[in-house]
1. Below 11 angstrom from the Cβ of LYS919, what's the summed charge of the other residues (Lys, Arg +1; Asp, Glu -1)?
2. Would you kindly compute the Cα radius of gyration of region 738-793 and its largest Cα-Cα separation (Dmax), both in Å?
3. Restricting to Cα atoms and excluding each atom paired with itself, what does the Kirkwood estimate give for region 435-505 in Å?
4. If you stretched the chain out fully between ARG907 and THR600, how much longer would it get, using 0.36 nm times the residue separation minus the C-alpha to C-alpha distance?
5. Where does each of GLU506, GLU548 land when they are ordered by accessible area, with a 1.4 Å probe and the largest first?
6. When the distances between all Cα atoms of region 939-1081 are binned every 10 Å from zero, what whole-number percent does each bin get?
7. Just grab the label-to-label distance for GLU964 and SER539, each label 7 Å out from Cα along the Cβ direction, in nm (one decimal).
8. Using θ = phi - 60° and the Karplus form 6.51 cos²θ - 1.76 cosθ + 1.60, what ³J(HN,Hα) does each residue of region 656-661 get, whole Hz, x for Gly and Pro?
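The values are calculated or read from the model by the stated rules, or taken from the named source; none is laboratory data. These numbers come from a predicted model, not from an experiment. Here Cβ is always computed from backbone atoms with ideal geometry, including for glycine, and neighbour counts include all displayed protein chains. Heavy atoms of the whole protein, side chains included, go into the accessibility calculation; ligands, DNA and RNA do not. Shrake-Rupley method; radii C 1.70, N 1.55, O 1.52, S 1.80 Å.
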Amino acid sequence: MAQPGIPAARGAAAGLQAQNGAASAAGSPYTNGPVQNTLMSSSQGYDSQLPGSYPRPMPAKTLNPFSAQSNYGGSQGSGQTLNRPLVASSPLPPSLQSGPVPQMPLPTSRNPAATPMPSGSFLPGANPPPPLNWQYNYPSTGPQTNHFPHVAQPTLSGNTNLTADHQYVSSGDPALQTSFIKPGSTLPLQNPPLPTTFQPGAPPGPPPAGGPPPQKTPPKAALPPPFNSTVTQEGITSHANNGSVVAHSTYDEIEGGGFLATPQLINQNPKTSRSVGYAYPSLPPGYQNTAPPSVAGMPPSSLNYPSGPQAFAQTPLGANHLTSSMSGLSLHPEGQRVVNLLQERNMLPSTPLQPPVPNLHEDIQKLNCNPELFRCTLTSIPQTQALLNKAKLPLGLLLHPFKDLVQLPVVTSSTIVRCRSCRTYINPFVNFLDQRRWKCNLCYRVNDVPEEFMYNPLTRVYGEPHRRPEVQNATIEFMAPSEYMLRPPQPPVYLFVFDVSHNAIETGYLNSVCQSLLDNLDLLPGNTRTKVGFMTFDSTIHFYSLQEGLSQPQMLIVSDIDDVFIPMPENLLVNLNESKELVQELLKSLPQMFTKTLETQSALGPALQAAFKLMSPTGGRMSVFQTQLPTLGVGALKPREEPNQRSSAKEIHLTPSTDFYKKLALDCSGQQAAVDLFLLSGQYSDLASLGCISRYSAGSVYYYPSYHHQHNPVQVQKFQKELQRYLTRKIGFEAVMRIRCTKGLSIHTFHGNFFVRSTDLLSLPNVNPDAGYAVQMSVEENLADTQLVSFQSALLYTSSKGERRIRVHTLCLPVVSTLNEVFLGADVQAISGLLANMAVDRSVTASLSDARDALVNAVIDSLSAYRSSVLSSQQPGLMVPFSLRLFPLFVLALLKQKSFQTGTNARLDERIFAMCQVKNQPLVHLMLTTHPGLYRVDNLSDEGALNINDRTIPQPPILQLSVEKLSRDGAFLMDAGSVLMLWVGKNCAQNFLSQVLGVQNYASIPQMMTDLPELDTPESARTIAFISWLREQRPFFPILYVIREESPMKAAFLQNLVEDRTESALSYYEFLLHIQQQVNK
C-alpha cells in the first residue's frame, strides 16, 4: 500500500536491475544485468584482466597432475606459474565483457514479469525492490575449533573433515573402518584416487570390466565459456575409455546447470567400481538437532527433527499417495486462534520462539531439514501467485548452509545420484516407483537407479535403495569425484595485509593481531600445502620475503603506488610448514618495526591491487586490517559524513562513493580470492565504499569503532576473541552454491555476500560457517497438481584438506489452496528476516524513509488481507492470526534497529555495519540483534535449568522489552546479540551485590565494569554459567557491561526496550493503534 507523498518506486526497470547491485551512474560494466530468462543465455561473460604485467596465455586444456605448479590458463591473466618474476608495466583497467555464453536450459523460467512497485511496500509477488550496490557479510563465533584435525590418516574412510572429538571413524580400528564397506571391496584412501575414467591429464587406464560406460555427450564446440578466470577457464579434460572427451570449463556446467543433464557415467559392474566407503559415527547417521562441538550447551530443540535413518515404507512419500494422510492432519488448536492484539499485546513467549512445524505427514516431517539450516517464510506454500499476492506476505528462503554441525553424514561414492534433467541430488523426498526407478521431486522426471546405489552399506543389504543414507538424511555431504573439479583443488592460502600508518600504530592493534596469529598458527585450517604471506602499507607497500634458507625475513618496499608490481613473487607466499620459523620471527618483530613512524597516509587501494596480483594464481583468503579513510592512490576516499544530517533519511550516504572496490572484488571473485575487512577506526572510514571489497568477493566485514589498546580494553578483548574464531574456524575454498526448487516455483533475488555468476549460481571464493543467505521467490505456475514442493541447496567447495565436497540440504513443504492455510503456516521470524534484507536494499536504492514505510506497509497490507479475506465477521480491534501475533512487534523492533532508526545517535559507519549484518547474518543472530532477550537475573534458580556437560544452566523466563518489566530492586540482563548489558537497580538486594558483583553496596559498583568476578557462591556460579552459555551460542563475542542508574551506557540499554516510546519512535501500543487505524480504513 503506497502512502501519499512518497515518490513512486523507480519503475520496473529498477526492479530488474542487476542482482549484484544497481549499475552506477557512470554505467559501470560491473553489473550482472537483468535477471535472465533461464532459457536464454546469460548476457554477461566474465573476462577479467589482471592489472599490471600479466600476459594473456592460451587457455590450458590439460593439467599435469604430477606437477606441483600448474599453469592455470585463461584470459584472466594469471597464466603464470607461482615462481615467475613480474615485470612492472602500467595497469590495465579490469573489465567485464559481454558476449554469448553457453547456458543450458533449466527446468523453469526464473524471470517473473516485472511489475512497477508502489513506493514504500514490498509486493511479495512482484519483482523485488531494486537490489543494491552492496549486500553484506558478518563475523563469526566463539571458540569453535576448525573441523580439520592435523593428523595424517591415510586409511580413513570417507569423512576426515570433523572435529577430533567427533571423528566418525577411528584411524586405528580396522573393525570400525570396515563396518560400512561393501564386502570384498578395498578401503578408500583419505584422498581417494579418482576413477580411471576421469583422471585429468593422465593416460586412460584399462576399461572397467563389464564394458565401457555410457558415452557422455560432449559440449557444443567453439562457444566461449562464460567466465574466463583461473578456475572457470581451466578446461579440465576428462578422458572416457571410449575416447570421447568431456571438457568442463565452468562451474555452471560442473554443478549441473544443464551441461551434465546427460546420462551419468555409471559403472555397470559393481564389483569393479570404487568401494563405497562411509564415515559414520557409531550412532546412526542423521541430523541431530544439537549444538556444534564447542557450543558446550545449546538446548536441544523441542521440534521433531530426525535422529537417524528411519526405516519407513516408501509409498507414503509420493505426492500422489498423500491425499488421505494429509487430510486428517490439523495444526495445534492454539495455532488456529485469532488474537486481538489491542487486548492481548503481551504475546511474547517466555521461552525462545520456535519455528513453526510444517503441516506434513510425520513420515516426511521426521526426515525434513533442520530449520536452523534451511527455512521458508511460509511453511505452507500458496498454490498460485494470485493467492500469494492476496496474502501480501513475502515468499523466500533463509539459509545457513555451511553451519558447524555436530553430526554430518559424509558419503564417499564414485556415483553421486542426480536427476538427469534438472540435476537435483537424490534426497528423502523423491518417490521410488520400484527398486530400479525414482521420480525427481523437483522436475518429476523418472530416473534409473544406478547399480551401485542398490547396495546399502549400512545394512549390507542389496536391493534397498530407499534405505541408503542419501535418502534418509535431508542434510548430507558428498566427497566429490573429479568431474566436479575445474582444476586440482587449491591449497589453503592466507594473505594478511596490515595498515601500518601512524594512526594504525597508535591504536596498538598490530600487537593483538600478531600475538593471535602466533598463538593460532598451528590451528589455521589446512594441510602440508598451506601457504601464508604478509604485506604492510602506509604511503608505500611493503612485502616480506620468507624464502626458505633466509636467516631472517626480508622486507621489500614498493614506493610506486600508481604502478604496483610484485617483487620476487615466488618468495612472498610460502609454505607454512617449511617457513614456520621465519613466519614466527616476522610476527614477533612486526609490531616494533613501525613504532616511530610519522607516515599518516593510507594507500589501501594500491595495497589491495598488489595483494590481488599476488593471490591470483591460486586464490585463497585475504585478511585486510584498516584503521582510517584511504587517502592515497586508486580507491582514495573523502569524508562524507555530516553529523547534523545523520537523521535526515534522504541525505545520508549509504551508497559507495567509488566503484573501485566493487570492481576489484569482482576481479578477486574471478580468481577465487575473498577479502575479509577488519575496520578498527574511531573516525568515519566510509564503510559503504570499503565494504564492497568483501560484499562481492564473499568475504566478511568486522567493525571495531574507537579501537584502542589502552583507552578501550573491552574492544581489545572482543577483537582477540573474534580473531581467534576467525583464524581457526572451518573454511571452504573456490565454492559455488545453487538453490533449486520444484517446478512451478522460481527464485528471483539473492541476499548475502557473493557474486551471481549466471542467473542462479552464487560464486563464493570462500565460504565460512557463520554466513547466512536469503532468497526471494515467486510462484510461476499453478501448483494444483502437487501437494508437496521441495527446495534444495547444493554447496560445492574445496575443504582446507584439499578435498572437493558437496553439502546438500533439502526442505519439503506442503502446498495449500486457501488463504487461511497460508496465514496459519507463516513463519514470523523468517518473514521479518527476509523483510529486513529487502529493506536494506530499499534504503540504498531509494531512501531510508522509503524502506521504513515499506516495513510498516508490509504489516498493514498482510493484516488487511487477513481481515478482509479470512475473518468471517468484522470484529473491533486489531485481529491477527496466531502465527503473526509478533509481526507488528518485530517490525517495530526493526524500525528501532541501528540499520533503520532515525535520530542522530547512529554514526554512518555503524549504520552501514548494521546493514552488513542484516545482509549476511544467519537468521537466529539477526533476530537477537533486532529483538534482544531480557531476563531477570537477581533471583536465578535451578528450576527448569539445562544440564549440559555437568554444568547447570539456569533458564530464566524472557521478559517483554519494556521499562514496565524493570524494577529498582532487581537486576536485569539484556542479550542484544553483540553486547550484553546487566542493569542493576538502585535498590537491588544486598545479596546479589555481594554474592555476584562482589561489591559492598550499590555506590561501589565501578563506573566501567565489564567482567563479573568468579566468586565461590552458588549465585555467582549460576549467573556466570548463564552468561557463558549465551556467549557460546554465537560466532562473535558479546562484551558485558554492568550498568548503574547513572551510567553512560544506560541510554543504550533503554534504546533496546523496543516496546517503549523514544524521541523519534512510537511505543508498541501506539504502533498497534496506528496499524489498526490503517487496517480498518
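1. Working: positive: ARG695; negative: ASP841.
Net of charged neighbours comes to 0.
2. Cα only, region 738-793: 13.1, 40 Å (Rg, Dmax).
3. Details: mean 1/r = 0.0596 Å⁻¹.
16.8 Å is the Kirkwood radius here.
4. Numbers: separation 307, 0.36 × 307 = 110.52 nm, distance 2.35 nm.
Difference between extended and current length: 108.2 nm.
5. GLU548, GLU506
6. 10, 36, 33, 14, 6, 1, 0
7. Here the modelled spin labels are 6.2 nm apart.
8. x, 8, 8, 9, 4, 6
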